[in-house]
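A quick write-up on the structure given underneath.
The values are calculated or read from the model by the stated rules, or taken from the named source; none is laboratory data. As the structure is a prediction and not an experimental result, all values here were calculated from the model. Don't worry about glycine lacking a Cβ; one is built from the backbone with ideal geometry, like all the others, and counts go over all protein chains shown.
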Amino acid sequence: MKHYGMSGGVLRRHFSQAVKYFSTVSPSCDQKSITPFVTPVSDVDKAAVYVHWPFCQKRCTYCNFNKYICNTVDHERMKRCLIKETQTLVQESCINTITSVFFGGGTPSLAEPKTLESVLDKLASIASMQPETEISMEINPTNLETQKLLEFKHAGINRASIGVQTLNDDALKILGRDHTSSDSLRCLKEAVQIFSGHVSVDMIFGFPGHTLKHWQKELKQMTDLCGCHISLYQLTLERGTQLFKEVTAGQRVLPDSDEVADMYLAAVEILKEKGFEQYEVSNFAKNDNYCLHNIAYWTGQQYLGVGPGSHGRVWCHKATSTKPQREARVQTLEPENWLWEVEQFGHATRRRVVQSTQDIMEELLSVGLRTKWGVTHANWSSLCCGITLAQLCSCPRTLKWISNGTLILVLEV
Ligand SMILES: C[S@@+](CC[C@H](N)C(=O)[O-])C[C@H]1O[C@@H](n2cnc3c(N)ncnc32)[C@H](O)[C@@H]1O
Ligand code: SF4
């Protein structure tokens, strides 16, 4: 999911994952379980930070994220520029506390551990970060990257998100992955030890040749190995990818949409049986091991995006207004241009758009209703001034959704 800090692709993925299957707010969620994830606008001094590493070893056949295949990455220059952009973006904001950090990509496990460590050192030198602050990174489970796990931990990473995708070797070939299922199992086993169980696994479903039976088997296997967190990705056939060409040319066939829906429902059931709580449409955690960084996105908290193509949501004070305004920001996409701009200007913010109250409302609803907490009154009123949730729910269209049970309005207590 993923993610703003997120790269364009990650942002899309967070809006598109399997949303059609889970749009009601659970009536069982009580006020107590909601409160930890409310950040009032007055928390303009706190932010999550996403750092995008834009390079990959190989192009997966299905992926259209902002990533580049490059065997001659200038690691020293990337490190200098990631540090510089981090410093500029934090210092020009009112942020003094970092609530979580997420290194995503592309493939951040191809970065040198000292690059990640230097970015974290810079953050800790200009803002407050607690020793227990969640610091996640995405890891591709190749043997090369498995060997670096301990170094990543020493660099400051305390949560690993591993792109296992599938345990079927033929499917890994179709998807263009550069690891086998036994590489993934080795990586997962080591990561669970090194990160004391703080490990998440990405699994993809609905690709050509995938069957319900395969999916059930690999999910059961996965839940035995990873006891903490699982993210599910329904395959999106992206225009311009190798897989898109193969499917449109009739060389590969996707499972039909009913079978894919059954795969999603089976996953919800299996994960529940194995003790995982579904806390978002596509995210499942055991023992409250939620991804706090993603919860920051889903509750409309402030986040900075560092690195090529990353997205951010930042509260800014304008000279003409006493109230802070929320901006949607995007950094320059292409790494060479991003490097040049950071060297020239200290940052490569390509677009800054002030969000209207309606933009903020739509965003909060579209991400918040994906979670088991829904959108809370407190969270709503801290971000969407001028209209209460109760007022919003009294318009004819919303009343219809409430009366047919699609939407549940829990009155403020
Ligand atoms: C962009 S990747 C970055 C992390 C890492 N490089 C990896 O591949 O695991 C993050 C997640 O997005 C998923 N993803 C990328 N393209 C997708 C697509 N077209 N449909 C569904 N999931 C996709 C990947 O499978 C991966 O789990
Ligand atoms: S490794 Fe991850 S980011 Fe890179 S192409 Fe594959 S899915 Fe996309």
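Across region 108-117, what is the number of residues that are away from ligand 2 (no atom under 16 Å from the Cβ), part of a helix (DSSP H, G or I) and not hydrophobic (A, V, I, L, M, F, W, C)? Result for region 108-117: 4. The residues of region 68-95 that are buried (at least 19 other Cβ atoms within 10 Å of the Cβ), among the aliphatic types (A, V, I, L, M) and assigned to a loop (DSSP other than H, G, I, E, B) amount to a single one, ILE95. Restricting ARG239, ARG159 to residues that are surrounded by 22 or more Cβ atoms within 10 Å (Cβ to Cβ) and either within 29 Å of THR371 (Cα to Cα) or within 16 Å of ligand 2 (Cβ to nearest atom) (or both) narrows the list to ARG159. Scanning region 365-409 for residues that are of a type in the set (S, T, N, Q) and part of a helix (DSSP H, G or I) yields SER366, ASN379, SER381, SER382, GLN391, THR398, SER403. Here SER136 meets each of (1) in contact with a strand residue (DSSP E or B) (Cβ under 6 Å, 6 or more places away or on another chain); (2) among the polar types (S, T, N, Q); (3) part of a loop (DSSP other than H, G, I, E, B) with one exception, condition (3). Taking PHE65, is it modelled with pLDDT of 95 or more, within 16 Å of ligand 2 (Cβ to nearest atom), over 24 Å from PHE195 (Cα atoms) and surrounded by 19 or more Cβ atoms within 10 Å (Cβ to Cβ)? Considered against the rule, which asks whether it is modelled with pLDDT of 95 or more, within 16 Å of ligand 2 (Cβ to nearest atom), over 24 Å from PHE195 (Cα atoms) and surrounded by 19 or more Cβ atoms within 10 Å (Cβ to Cβ), PHE65 comes out as yes.
Filtered by the rule that a residue be in contact with a helix residue (DSSP H, G or I) (Cβ under 7 Å, 6 or more places away or on another chain), within 15 Å of ligand 2 (Cβ to nearest atom) and among the charged types (D, E, K, R), region 166-191 gives a lone residue, ASP183. Exactly one residue out of GLN301, GLN344 is within 30 Å of CYS81 (Cα to Cα) and in a loop (DSSP other than H, G, I, E, B): that is GLN301. Criterion applied to GLU412, GLU336, GLU362 was being surrounded by fewer than 14 Cβ atoms within 10 Å (Cβ to Cβ) and in contact with a helix residue (DSSP H, G or I) (Cβ under 7 Å, 6 or more places away or on another chain), and the one residue passing it is GLU412.
The requirement of being of a type in the set (A, V, I, L, M), within 14 Å of CYS94 (Cβ to Cβ) and within 24 Å of the chain's Cα centre (by Cα) is satisfied by VAL314. The single condition from (1) touching a strand residue (DSSP E or B) at 6+ places or on another chain (Cβ under 9 Å); (2) surrounded by 12 or more Cβ atoms within 10 Å (Cβ to Cβ) that LYS318 fails is (2).
All of GLY227, GLY250 fail the test of being modelled with pLDDT under 95, outside any helix (DSSP H, G or I) and of a type in the set (Gly, Ala, Ser), apart from GLY227.
Within region 118-150, restricting attention to residues that are within 16 Å of ligand 2 (Cβ to nearest atom) and of a type in the set (Asp, Glu), the residue that is nearest to ASP169 (Cα to Cα) is GLU145. Here is the figure for region 347-359: residues that are surrounded by 15 or more Cβ atoms within 10 Å (Cβ to Cβ) and not in a strand (DSSP E or B) total 3. Could you check region 72-89 and list, in sequence order, the residues that are out of contact with any Leu (no Cβ under 7 Å at 6 or more places or on another chain), farther than 19 Å from GLY156 by Cα and not charged (D, E, K, R)? Once the filter is applied, which keeps residues that are out of contact with any Leu (no Cβ under 7 Å at 6 or more places or on another chain), farther than 19 Å from GLY156 by Cα and not charged (D, E, K, R), region 72-89 yields THR72, VAL73, THR88. Taken over region 197-230, residues that are among the charged types (D, E, K, R) and either touching a Gly at 6+ places or on another chain (Cβ under 9 Å) or closer than 15 Å to SER282 by Cα (or both) amount to 1.
A single member of SER100, SER136, SER125 is crowded, with 20+ Cβ neighbours inside 10 Å, within 30 Å of LYS323 (Cα to Cα) and at pLDDT 95 or above, and it is SER100.
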